[in-house]
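Only one structure is covered here, and it is reproduced in the block below.
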Amino acid sequence: MLRAIPVKDLDNNKLLNQSVKVNGWVKTFRSNRFIALNDGSTINDIQCVIDLDKNKNDINLITTGSSLEIFGKLVKSLGKGQKFEILVDKLSVLGPSNSENYPIQPKKHSFEFLRENAHLRVRTKTISSVIRIRSEISYAIHKFFNDNGFFYIHTPIITGSDAEGAGEMFSVSTLDKSHIPLSPDGSIDFSKDFFGKETHLTVSGQLEAEAMALGLSKVYTFGPTFRAENSNTSRHLAEFWMIEPEMAFFDLKDNINLAEQFIKYILKYTYEKCKDDIEFLNERLAKEEMSLPKDKRSELSLKEKIEFVINNDFVKLPYSDAFEILKNCKPNKKNKFKYKIENWGCDLQSEHERFLVEKHFKCPVVVFDYPAKIKAFYMRMNEDAKTVRAMDILFPGIGEIVGGSQREERLDILEKRIKELNIDSKELWWYLELRKYGSVKHSGFGLGLERLILFITGMNNIRDVIPFPRTPKNADF
Ligand code: ATP
Ligand code: MN
């Protein structure tokens, strides 16, 4: 029995004039003769040419969306648009498709429509490209860390600490919602719950990754992360995938350098590995931008944007410098920002981040040494006692893509910060112990996988770069 050859591998002179078997789904069927078949292994369809006499019985079943098994000979194509095609000897329809109702018609669909058909949208060129790229990026992430001496760590998805401090959390419970046990003071009695305490889905694996790094030196996590943020933006998901390296003996500068090196490696690897998909997405974005007014179009194409990031140093500046630039910039003075920049210490909103990246520096930007007030308790206090060794990496079109810091390794200062912020330190006993037994300077960051995919694919909405997005009021599929 002949094994089916992935469509991707048919682009091969060695197979010329050989008998081949191929499986796939019908993209289009023209003139009762030309089938564009695709199995998802590549963006390029294979054209299969049928002989009406040989395949008379099946002709009505060859419809858009149906699945086929085809035996035939691979030949040079005379037609435009493809090098090779298959002259069909034998064809079987594996699964017919009622093409009148089939949502994925050979025409342009809106991304909203495709989201409502998320179970079928991977059969479009755009979404299949994105998902293939997502897979290659994930592989490149593991490869980078593995090649650089990092250990891959699985941190818990269910967490008993609500001190991770990165956003609203989803609760995890097996309590009967219609008979919730109460304590004498009227609050929920979580001692009756599955874990005997209140638990949530994790918003970050960082605290546990720190414990692992303070024994293995260089580790990373790469897993699902949950935030019940009701923000409904094009850059936030309720369930996303985060990469969190954590390194002992690294200070903030080492941390920033690693993050820059890491991002460039991933972009370069994917750019070279996914040429056809990126070429297609480059064209897609160019076409989409043609419908925008001239001043809204980007100066660079998708490919140029990726190349630019790979080949140029990120700009690095302290928060205080970023603050001065923003305070004195035209849009701020003319009240064009929704949040006016006035006093040192204010948080930077995405409009400010994007001004710095897209208008001022026209380059990825690393902002570091943020005011302690707007950052988490575990970030290392600077000598000025006002700023912490935090860093955010800001990207064009996206805003924050990485958030990280050098961690506070001094027990007394960490305890003081926890108290100031009114955090319940009971849950953090083990985290504090790490500072008692061989504490060392250490650092790490979190990179949102989907934000990176947005950048490399030129897609606009984070819902379109994960197979089945979870967002407020949406957990279908
Ligand atoms: P933002 O200000 O954009 O909400 P954040 O400050 O909450 O980000 P961190 O807690 O630093 O983000 O998380 C690290 C990284 O995880 C971010 O830089 C971003 O790439 C990604 N990220 C954070 N929240 C989300 C989300 N809801 N959906 C997708 N990615 C996210
Ligand atoms: Mn957030």
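Descriptive notes on the structure:
- Computed helical MRE - 222 nm, the chain, DSSP H runs ≥ 4 contributing -39500 (n - 2.57), nearest 500: -8000 deg cm²/dmol
- Between the amide H of residue 199 and those of 172, distances stay under 5 Å, these residues lying 5 or more places away or on another chain, with hydrogens modeled in the peptide plane.
- Pairs spanning more than 28 Å between alpha-carbon atoms, out of 218/375; 268/327; 143/373: 268/327; 143/373.
- Each residue of region 66-73 was assigned a 3J(HN,Hα) from its phi angle through the Karplus expression (A = 6.51, B = -1.76, C = 1.60, θ = phi - 60°), giving 6, 9, 10, 10, 10, 10, x, 10 Hz with x at Gly and Pro.
- Other-chain or far-sequence residues with amide H under 5 Å of residue 157's (modelled H): none
- Subset of 264/294; 273/362; 197/253; 125/338; 287/362; 108/296 violating a 28 Å alpha-carbon distance limit: 264/294; 197/253; 125/338
- Spacing of the modelled spin labels on residue 12 and residue 183, each 7 Å from Cα toward Cβ, amounts to 6.5 nm.
- Cβ-based net charge around residue 400, under 14 Å, with every Lys or Arg adding one and every Asp or Glu removing one: -2
- J(HN,Hα) series, region 26-39, from Karplus relation 6.51 cos²θ - 1.76 cosθ + 1.60, nearest Hz, glycine and proline x: 6, 7, 8, 9, 10, 6, 6, 9, 10, 9, 9, 10, 9, 10
- In this structure, residue 232 and residue 142 have a Cβ-Cβ separation that, at R0 = 30 Å, corresponds to a calculated FRET efficiency of about 0.40.
- Under 5 Å, built H, 5+ apart or other chain: amide partners of residue 89: 71, 72, 73
- Positive contributions from Lys and Arg (+1) and negative ones from Asp and Glu (-1), summed over other residues with Cβ under 13 Å from the Cβ of residue 220, come out at -3.
- Only aspartates and glutamates eight or more places from residue 192 in sequence, or on another chain, were considered; those with a Cα closer than 18 Å are 176.
- Charge sum, other residues only, whose C-beta stays under 13 Å from residue 113's C-beta, Lys/Arg counted +1 and Asp/Glu -1: +2
- Summing Cβ point charges (Lys, Arg +1; Asp, Glu -1) relative to the Cα centre of the chain gives a dipole of roughly 1720 debye.
Every read-out reported here was derived from the displayed coordinates using simple, explicitly stated rules and does not represent laboratory data. Computed from a predicted model, the values in this text were never measured in an experiment. We place every Cβ from the backbone using ideal geometry, glycine too, and count neighbours over all the protein chains shown.
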